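The block underneath contains the structure these notes are about, expressed in structure tokens.
The values are calculated or read from the model by the stated rules, or taken from the named source; none is laboratory data. A quick note: this is a predicted structure, and the numbers were derived from the prediction, not measured. Every residue, glycine as well, gets a Cβ built from its backbone with ideal geometry; the counts of neighbours run over all protein chains shown. Side chains are part of the model used for accessible areas, which takes the heavy atoms of the whole protein and leaves out ligands, DNA and RNA. Shrake-Rupley method; radii C 1.70, N 1.55, O 1.52, S 1.80 Å.
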Amino acid sequence: MSWHPQYRSSKFRHVYGKAASKDKCYDCVPITRNVHDNHFCAVNPSFIAVVTECAGGGAFLVIPIKQTGKLDPHYPKVCGHKGNVLDIKWNPFNDFVIASCSEDATVKIWDIPNQLLKRNITTPKKELLGHARRVGLIEWHPTAGNILFSSGYDYKIMIWNLDVKDTVLSKPVKILDTHKDVVLSMSFNTDGSLLATACRDRKIRVIDPRSGTVLQVGSYKSHRVNKVLFLGNMKKLFSTGTSCWNNRQIALWDQNDLSVPLLEEDLDGSSGLLFPVYDSDTHMLYVVGKGDGNIRYYEISPEKPYLNYLMEYRSHSPQKGIGMMPKRGLDVAACEIFRFYKLIPTKSLIEPISMIVPRRSESYQEDIYPLTAAAQPALTAQEWLSGINKGPLLVSLRPGSEAMNSLPQFLEPEPPMKATGLSQQQGGGGRMSLEDKQKPREIEDGRRRPKVEEKLPKNEQMCLSNGFGVFECPPPKTENELLQMYYRQQEEIRRLREMVIQRDVQIKQLELELRNLSMDTGSY
């Protein structure tokens with residue numbers, strides 16, 4: 001007989017959702033009544049933007065993140081669109097630039113001043129005129145600066161280079177004309193070299209955005225897809241949709257083979273859309289239901305069963321949309337690993353929901369805060385358009401720490417690869433896997449000192465928990481640096497002790513197995 005552990009070890013098994021108190025919510029916010037299936041909310045560490053009701057044309061509010069409580073009914077709006085605003089997205093590399101798209105078939109880029117708005121903003125920084133019908137989705141490129149993707153009801157995805165002086169752009173740098181119906185969702189992989197789309201024709205596509213080549217197409221009869229999401233560099237896609245019985249459904253796919261899902265699961269019989277949100281730092285996946293108050297969360301693993309259910313945050317207040325705070329805006333002192341901003345139109349309220357890992361220690365918890373994407377682009381727009389791929393720059397969330405590079409390599413421009421070569425393209429030298437991201441020392445060793453790497457066996461390649469290698473720690477020059485070095489060594493000792501404890505547990509399990517086997521053979 002074999003022994004199987006009953007529970008799976010996880011640092012995030014006890015994560016819980018905590019709603020903010022009333023004084024830390026945003027009250028009296030006229031949230032849009034539009035039925036379009038979008039988030040309607042965008043958040044960064046400086047501002048929260050939300051699409052609002054407006055008589056004649058479309059508008060959205062931009063509220064400083066610290067200005068909680070009741071909103072002035074005459075608070076200024078950003079109102080330059082002639083039709084309803086359908087989507088808004090902050091520039092990931094500039095907290096004072098936001099993009100919006102609308103039913104008037106335009107995309108506009110806005111500069112937000114670094115103080116309270118005193119009057120309506122009506123003049124955009126740039127205006128993008130390329131779509132023939134209303135524009136429903138916009139997405140910024142995750143690693144290249146000033147590259148914006150827009151998708152309209154003309155079935156086209158347009159790529160815009162905003163690194164130009166013109167205020168009105170009518171010609172995108174690239175048009176992806178591969179869809180036969182409306183695009184419902186767009187998602188990038190970690191370095192932005194691949195684009196996944198969900199279309200109303202029920203098909204999932206993986207596209208090389210620069211060449212326009214469709215690398216994979218998936219269509220499954222029992223899964224009508226609505227939203228699709230790249231799971232970082234796990235080489236997997238996650239989708240939400242409905243089954244043939246109109247149950248809300250989730251599915252997991254291998255990005256190199258979209259013929260059959262790796263996993264398919266019905267959740268419930270509600271009619272609202274499911275918004276998937278993935279945190280590549282913690283490998284946690286959140287599924288937010290539109291029209292209900294629930295947020296389910298899972299942990300993703302590279303091997304079966306792939307999707308491990310953790311818990312569900314429940315609330316009686318249904319959400320119409322949701323905003324997500326970037327990791328650099330979280331409260332690390334409270335062990336907050338994610339924060340949602342929940343739109344509740346029935347109460348005209350925006351309610352922050354913090355996802356917290358319960359810890360007793362008040363010190364910085366490095367094991368739940370690996371290096372995360374920084375607010376600086378890794379590439380210029382022209383470099384990305386020329387065929388270069390580069391992973392995001394990384395930064396530590398430790399208070400007072402400086403930005404750290406992810407040490408990605410530049411790749412030479414390559415011709416578009418076939419679908420069979422997708423795994424090689426995705427795993428190339430310029431991208432960092434989620435595991436590699438947490439071990440920058442091993443990557444840098446491989447680049448700078450290949451000879452040392454050859455001599456050391458794998459199990460002896462030590463990597464400190466803060467990301468500095470044994471050979472790369474400079475001698476401390478000040479008392480502060482000496483203290484930091486001491487704390488790093490303490491963390492490393494703690495980590496090694498945990499490894500020893502785990503090994504002891506494994507030894508005991510094996511001894512138990514041997515004892516059971518010997519008893520079984522003795523009985524015969």
Exercise. Using a 1.4 angstrom probe with every protein chain in place, what is the largest-first accessible-area order of 328, 248, 119, 200?
Worked result: 119, 200, 328, 248
Exercise. Can you list the lysines whose alpha carbon is less than 20 Å from that of residue 180, not counting same-chain residues fewer than 8 positions off?
Worked result: 156, 203, 221, 227
Seminar exercise, completed: For the range 16-373 the mean separation of alpha carbon contacts under 8 Å (6+ apart) over residue count, i.e. relative contact order in percent, is 13 percent
Problem set entry | Accessible surface of residue 109 - all protein chains present, 1.4 Å probe, nearest 10 Å² | 10 Å²
Exercise. In the range 220-303, which GluC sites (Glu not before Pro) fall in coil by DSSP and have 13 or fewer other Cβ atoms within 10 Å?
Worked result: 303
Exercise. How far apart, in nm, are the 7 Å Cα→Cβ label points at residue 263 and residue 55?
Worked result: 5.1 nm
For this session: Note down the accessible area of residue 32, probe 1.4 Å, to the nearest 10 Å².
Result: 10 Å²
Exercise. Extension gain residue 375-residue 312, at 0.36 nm per residue separation less the Cα-Cα distance, in nm?
Worked result: 19.6 nm
Problem set entry | 19 Å Cα-Cα threshold exceeded, pairs from 77/108; 125/171; 89/347; 235/390; 125/165; 126/171 | 89/347
For this session: Could you list the residues of the range 332-369 with an amide nitrogen less than 11 Å from a label point located 7 Å from the Cα of residue 501 in the Cα-to-C-beta direction?
Result: none
For this session: For residue 508, go through the lysines and keep the ones whose alpha-carbon is under 27 Å away, minus same-chain ones fewer than eight residues off.
Result: 11, 304, 458
Exercise. Do any trypsin sites (Lys or Arg not before Pro) in the range 143-192 lie in a DSSP loop with no more than 10 other beta carbon atoms within 10 Å, and if so, which?
Worked result: 165, 180
Problem set entry | Potential lengthening between residue 217 and residue 303 on full extension [0.36 nm per residue; Cα-Cα distance subtracted] | 28.6 nm
Seminar exercise, completed: For 140, 245, 384, the accessible-area ranking with a 1.4 Å probe, largest leading, is 245, 140, 384
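What does the extension gain come out to for residue 122 and residue 13, with contour length at 0.36 nm per residue minus their alpha carbon separation? Mind showing how you got there, number by number?
Details: separation 109, 0.36 × 109 = 39.24 nm, distance 4.72 nm.
Full-extension gain reported as 34.5 nm.
At 1.4 Å probe radius, can you tell me the per residue accessible area of the range 94-251 in Å²? Present the calculation step by step, with values, prior to reporting the outcome.
Numbers: 5980 Å² over 158 residues.
Accessible area per residue, the range 94-251: 38 Å².
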Exercise. How would 331, 154 rank on accessible area, largest to smallest, probe 1.4 Å?
Worked result: 331, 154
